Amino acid sequence: MSFLLKSTKERADVWGALFRSELPDLPFHVWPETGNPEDVQFLATWEPPPDLLTTFPNLEVIFSVGAGVDQFDMTRIPDHVTIIRMIESGLTDGMVEYVNWAVLTLHRDILAYVRQQRQHEWKPVHNKIASQRRVGVMGMGTLGSPVASALAGAGFLCSGWSRSRHEVEGVTSYAGPDELDAFLAASEILVCLLPLTDATRGILNASLFSRLPKGAQIVNVARGAHLVVPDLIAALDSGQLSAAILDVTSPEPLPADSPLWDDQRVLITPHVASVSQTETAGRVLLDTVRRYLAGERNFHSMVDRSKGY
């Protein structure tokens, strides 16, 4: 049996050294060098190579090198193969930091001040304090829950919504379609951290925006395909929304002719909210492989194929 990595040179250097030091009996290969394809039991990648079943007939586990798996074509991954997402402290900490920054940026009207600076205009806006601002987090999973907890800890009136209920101290919990409207009505700043599935694709649309408070603001750090861009621009033009911070777009990179680039009500970052940290991610990967080899088969970061995440 062997481990195959299809990723960056940085990961290959760090993870290869780690595995050779601590799991010397498990051969570690870096794509496109695979060793004997029949020996590959573990594969870590962002996008799997085609023809998995015929290329690697004894593959048992695929690790995503990121938190998401929507880039995987599940129809091409055999049912018996376990899929595990990357959940590690560096990834979580990075997302918490980014969302805190984004929410504070919107909360303190920084985009308006940037526009004023360009016009050489000095015009203070009355400040609210965090305890007067309602923030909603859509998607209370392994990233959403710590984000919501941090926002509540910063003093915001924070609520969270997801398909199933998640209880987080200091965060008002909403769950399921029946509670979505109440959640949206309580979200002056809306943060999207939903997984991308058929049910959530395009969820940030005109209908959803109309159920937010007038002048609401959004932060999308999930996937670009959650957002319907024409609906966002229309909501900004009508005043239903007042600002947006987007770390993800569809497609990526954002095309040069996209109207989002020049819209001063929108701040774009190039999918940098959070990335797995090479050193800590390598440790998590090594620990998971060890546990798997010892016979463990239930991991909190396993993908539920029925849900798509």
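The values are calculated or read from the model by the stated rules, or taken from the named source; none is laboratory data. Model, not experiment: these values are computed from the prediction. As a convention, Cβ positions derive from the backbone with ideal geometry for all residues, glycine included, and neighbour counts pool all protein chains shown. To get the accessible areas, we keep the full protein, side chains included, count just its heavy atoms, and leave off ligands, DNA and RNA. Shrake-Rupley method; radii C 1.70, N 1.55, O 1.52, S 1.80 Å.
Side notes on the structure shown:
- Reducing the stretch 256-308 and the stretch 181-232 to their Cα centroids gives an inter-centroid distance of 21 Å.
- In summary, the aspartates and glutamates within cross-link reach of K123, defined as a Cα separation below 18 angstrom excluding same-chain residues under 8 places away, comprise D109.
- DSSP loop trypsin sites (Lys or Arg not before Pro) with at most 11 other Cβ within 10 Å: longest gap in the chain: 1-213
- From the coordinates shown, Cα Rg over 2.2 N^0.38 Å corresponds to which of (1) 1.60; (2) 1.10; (3) 0.95: (2)
- Computed extension length for D237-L23: 71.3 nm, one decimal, from 0.36 nm per residue of separation with the Cα-Cα distance subtracted.
- Residue-normalised accessible area of the stretch 150-273, expressed per residue, 1.4 Å probe, Å²: 44
- Cleavage-rule hits (GluC sites (Glu not before Pro)) in the stretch 153-187: DSSP loop, at most 15 neighbouring Cβ within 10 angstrom: E167, E169
- Accessible-area order (highest first, 1.4 angstrom probe) of the listed residues L293, L53: L53, L293
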